[in-house]
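The values are calculated or read from the model by the stated rules, or taken from the named source; none is laboratory data. Here the structure is a predicted model, which means the values were calculated and not measured. Cβ placement follows ideal geometry from the backbone for every residue including glycine, while neighbour counts extend to all protein chains displayed.
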Amino acid sequence: MTAIVISIAVGVGLLVVLLVVVRQFLHSMAASGKARALALAGSPPLLLEPSANCFGFESLGVTQLRGSGCLALTSNRLVFAMWVPARDTVIERSQIVRVDTAKSHLGATQFVALLRVRFRTPDGAEDVAAWRLRDVTPWLEALGVVDQRG
């Protein structure tokens, strides 16, 4: 009986240690993403979502790695710093063609509004990205519901 109690206690202890390590790792990734986003923003952000979920970039297709990161909006830029892999995207606001919402993007469906941004890339092509945010409304208001096509 004592061996079983000791085994359970050790198992619970190891689980707690594992959870603490994972939590610290995620906190470290979030802090790194936030620091990169703030550095790339170039000026203090109007809005900051430290844990945005990126649904991907249309140009990269459905097989791309998607995930969490920090999304920042300044008067000049929309910046996304993905946690893992550490990948950064800077979209100049002057290159944003359209802003709206969607419930799905690249085959991934949510039952909440995603912030969807169509923009011109540096080579002149158009791309589309979407993010799940805690609250999309302030982002829509700050970006304005933009449609500058044709």
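List of remarks:
- Test: residue in the stretch 34-41 that is surrounded by 16 or more Cβ atoms within 10 Å (Cβ to Cβ), over 21 Å from K103 (Cα atoms), at pLDDT below 75 and aliphatic (A, V, I, L, M): yes
- Reported count of residues in the stretch 69-96, each being buried (at least 17 other Cβ atoms within 10 Å of the Cβ), modelled with pLDDT of 90 or more and either of a type in the set (D, E) or more than 15 Å from P122 (Cα to Cα) (or both), is 9.
- Scanning the stretch 119-139 for residues that are outside any strand (DSSP E or B), surrounded by 17 or more Cβ atoms within 10 Å (Cβ to Cβ) and in contact (Cβ under 8 Å) with a residue 60 or more places away in the chain turns up L133, W139.
Let's see how each residue does on (1) among the small types (G, A, S); (2) part of a strand (DSSP E or B); (3) on the phi > 0 side of the Ramachandran plot; (4) modelled with pLDDT of 75 or more:
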position	(1), (2), (3), (4)
V21	no, no, no, no
S32	yes, no, no, no
V62	no, no, no, no
R66	no, no, no, no
L114	no, yes, no, yes
V117	no, yes, no, yes
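- Residues that are at pLDDT 90 or above and crowded, with 17+ Cβ neighbours inside 10 Å were ranked within the stretch 45-56; the one that is farthest from S104 (Cα to Cα) is P45.
- If the condition is being loosely packed, with under 14 Cβ neighbours inside 10 Å, part of a strand (DSSP E or B) and not basic (K, R), then the stretch 98-112 contributes S104, T109, F111, V112.
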